[in-house]
1. If packing is taken as the average number of other Cβ atoms within 10 Å across a peptide's residues, how do 141-153, 119-131, 9-21 rank, most packed first?
2. Tally Lys and Arg at +1 and Asp and Glu at -1 over the other residues with C-beta under 13 Å from the C-beta of VAL224: what net charge comes out?
3. Select from the range 183-230 those GluC sites (Glu not before Pro) which occupy a DSSP coil region and have at most 14 other Cβ atoms within 10 Å, ordered by residue number.
4. Find the accessible area per residue for the chain; the probe is 1.4 Å, ligands and nucleic acids are left out, and the unit is Å².
5. In the chain, with Lys and Arg counted as +1 and Asp and Glu as -1 at Cβ, which of these residues, GLN103, ASN89, PHE132, has the Cα nearest the positive end of the dipole, that is, farthest along it?
6. Under 25 Å between alpha carbons, and skipping anything fewer than 8 positions from LYS53 in its own chain: which lysines qualify?
7. Percent relative contact order of the range 1-108, based on C-alpha pairs within less than 8 angstrom and at least six residues apart?
8. So what is the 222 nm mean residue ellipticity for the chain from helices alone, if each DSSP H run of at least 4 adds -39500 (n - 2.57) and you divide by all residues, rounding to the nearest 500 deg cm²/dmol?
Amino acid sequence: MRYSLINIVWYSEKRKNILLLLKEGPRDIDRIKTSLNETSRSIMPQIKKLLQKKLIVQNGEDYCLSEIGELIVENIEPLLDTMRVIEENKDFWITRDLDFLPQHLFSRLGELGHYLLVEPDLNRMFELPREFKDNILKSKKVSCFISYVHPQAPSLYLELADKGVSLSLFMTNVAFLKLKSEYPKEMKQILSSSDVELFLCNENVPLPSLAVTGWFTYLCFLNVEGRYDHRDIISFDESALLWATELIEHYRSRSERIYFPYVKAERR
């Protein structure tokens, strides 16, 4: 029976795992068995099929990816990462509004990596999530995008500013006006810090909040009904930090710097 490359790669978890393992470097059969927790009897038939399709080659005792094998693995990994991200909390993702994401970041959602879904505690619904607050207070550099103003957020930003944290705040016009009118004292103190930057986004982005620091990312999404249900995600993966930083930079390019007392900077 002839097998297509699609069948070879996708219809066997063992073959797929062998390819992904060999991406890390050459392995002999004993190391492959140990890494995948398999026996020779179960793994050798799969290796033979990969050899026949020229996806791997054998050099002495070691097996490694062929050039075609490398090309295929490089292209299946992002899809596998995306599938894993969604599969871990499928009900969460299918109810999120992701239309606001730039296409190049939407297609790389798998870069959020290994993350934790933070569910709302009914007894602490009006408090900032502990996972978010505890980690952000340990950070030395913080960038936040804000369209939803949590009642405790101004005091948190002020605490960060008082600690000398390098803080960049990106806000929608609605969020900025709310902070300016309801928390004028806190805003004055926050913006008096030389370590704080404030940017006003020219777009009405339906993203309640995004925070990225040097070591974690925290994301809050609206659901498909346009409501914030306090179900958030936090990730400490390097790939998630890079992904979130790109999103922040996307909004930076669509924002204007605001100086105290709220004077727009001229565009350069």
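1. Working: 141-153: 19.5, 119-131: 11.7, 9-21: 17.2.
Answer by packing, highest mean first, reads 141-153, 9-21, 119-131.
2. On the way: positive: ARG96, ARG227, ARG231; negative: ASP91, ASP97, ASP99, GLU225, ASP229.
That works out to -2.
3. On the way: sites: GLU186, GLU197, GLU203, GLU225; in loops: GLU203, GLU225.
Answer by residue number: GLU203, GLU225.
4. On the way: 14950 Å² over 268 residues.
Ligands and nucleic acids excluded, the result is 56 Å² per residue.
5. GLN103
6. Partners within reach: LYS14, LYS16, LYS23, LYS33.
7. On the way: 73 pairs, mean separation 24.3, N = 108.
Result for the range 1-108 is 23 percent.
8. Working: 12 runs with 117 residues, N = 268.
Estimated from H runs of four or more residues: -12500 deg cm²/dmol.
The values are calculated or read from the model by the stated rules, or taken from the named source; none is laboratory data. Keep in mind the model is a prediction, meaning the values are calculated, not measured. Ideal geometry is used to build each Cβ from the backbone, glycine not excepted, and the neighbour counts take in all protein chains shown. Ligands, DNA and RNA are stripped out before the accessible areas are found, and what is left, the full protein with its side chains, is counted by its heavy atoms. Shrake-Rupley method; radii C 1.70, N 1.55, O 1.52, S 1.80 Å.
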